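Read through the structure below, which is laid out as structure tokens, and then see the notes.
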Amino acid sequence: MAISLDEFRALPPETTQASDLRLLYALFEDAQRSRVAHGERLRAILQGRSVSAIAETTADADALLKAVRRGESAGAPRILERAYASAFDDEESASAALRCAIEEHPAWPWLDGVKGIGHLLAARLLSRLDVTRARTPSGFWAYCGLATLPGVAYRCTRCGLEVAYPVGYRLSGTHNVISGARECLGELQVCDDTTTRVAPRRAALGGRASYDAHARNSCYLIGVSMLRCGGDYRCSYDAERVRLAESRPGWTLKRRHLAALRKMEKAFLRDLWLAWRRAANLPVVAAYFPRVQQPTANVKPR
């Protein structure tokens, strides 16, 4: 670790914002990856799956790993045990520093009331965002890869499947029917729909993405967590699934799920932008669309 928890608390407040929060989260991720890597090496030795396996193997590797974290020995190479214990301490220190930094963040009082978002998820997202550079909520959407681009809609004349791709995208190969993995013998034809919008695709090999992939992954993880925990945003997701099931029968279940998830994430980013700007005494704009009320029908989550 390049910085300890005590050293972090001694820093002036202005150094714990923006880029320093990103650096602090990067240190946490590095310590976490190191702890996992050393732990898997230890687990392989303790379970007899390594050439350095101990004489008597045991299936209760988790209990031995906990003992190693406490400074005890499990019979594995001592240098590896010390490396694992050190990485665990580094991860705990970085996690505590992140918790301290997030609780002092101006957006945390609002985030603390959102189901499904804890300190680490909040730190992962806030370390990538700068509310002073986003004049509107759509600034957050574009940066997180949730903005849409002009696209072309296609429909299969045989199975009724509806898909959409960015302008200029080349269709290749066949497609499967709407429900199932069976290949469809029909052809996709262009629909006369000039209002089609699609999500930005990943950059080609060697290219540069138009959004922050780390922020996009953070929004996805937050969306999945909010789906599991329920709350107002889960109601927004369910309502959108019901609407898409009625208005878009040619869409696959996966496409409906991802579309509803993206809309829920955009609603969350809009509310985060409003709460953060107000806490920082910055001007705000009116909400782009109202919060969706609880749906009248239930949709089973995927």
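The values are calculated or read from the model by the stated rules, or taken from the named source; none is laboratory data. Everything numeric here is computed off the predicted structure, so don't read it as measured data. Neighbour counts are summed over all protein chains in view; Cβ atoms, including those assigned to glycine, are modelled from backbone coordinates with ideal geometry. SASA here: full protein model, heavy atoms, side chains in, ligands and nucleic acids out. Shrake-Rupley method; radii C 1.70, N 1.55, O 1.52, S 1.80 Å.
Take each of the peptides 164-171, 128-135, average the number of other beta-carbon atoms within 10 Å over its residues, and list them starting from the highest.
On the way: 164-171: 12.2, 128-135: 16.9.
The densest-packed peptide leads the list: 128-135, 164-171.
Suppose R0 equals 45 Å; then what is the FRET efficiency for Ala63 and Leu23 from their Cβ-Cβ distance, rounded to the nearest 0.05?
Details: r = 35 Å, r/R0 = 0.78.
The pair Ala63/Leu23 has a calculated efficiency of 0.80.
Say each of Glu72 and Lys115 gets a label point 7 Å from the Cα, pointing the same way as Cα to Cβ; how far apart are those two points in nm?
4.0
Restrict the search to segment 103-184; then list the GluC sites (Glu not before Pro) that DSSP places in a loop and that have at most 14 other Cβ atoms within 10 Å of their Cβ. Don't skip to the end; give the middle numbers.
On the way: sites: Glu103, Glu104, Glu162, Glu183; in loops: Glu104.
Hits after loop and neighbour filter: Glu104.
Suppose R0 equals 35 Å. What FRET efficiency, 1/(1 + (r/R0)^6) with r the Cβ-Cβ distance, do Ile79 and His214 give to the nearest 0.05?
On the way: r = 33 Å, r/R0 = 0.95.
According to the calculation, E is roughly 0.60.
Give me the distance in nm between label points sitting 7 Å out from Cα along the Cα-to-Cβ direction at Cys235 and Ala279, one decimal.
For the pair Cys235/Ala279, the computed spacing is 2.3 nm.
If you roll a 1.4 angstrom probe over the protein chains with everything in place, what fraction of the accessible area of segment 112-168 belongs to carbon and sulfur, to the nearest %?
On the way: 1260 of 2560 Å².
On segment 112-168, the fraction of accessible area on carbon and sulfur atoms equals 49 percent.
Which peptide among 251-257, 271-277 comes first, and what is the full order, when sorted by highest mean count of other Cβ atoms within 10 Å? Provide the component values of the computation, followed by the final result.
Values: 251-257: 16.6, 271-277: 21.0.
The packing order, highest mean first, is 271-277, 251-257.
Within straight cross-link reach of Lys66, meaning Cα distance under 19 Å, which aspartates and glutamates are found once same-chain residues fewer than 8 apart are removed?
Output for Lys66: Glu40, Glu56, Glu81, Asp89, Asp90, Glu91, Glu92.
At 1.4 Å probe radius, can you tell me the per residue accessible area of segment 198-278 in Å²? Each step should come with its number before you reach the end.
On the way: 3880 Å² over 81 residues.
Roughly 48 Å² per residue, with all protein chains present.
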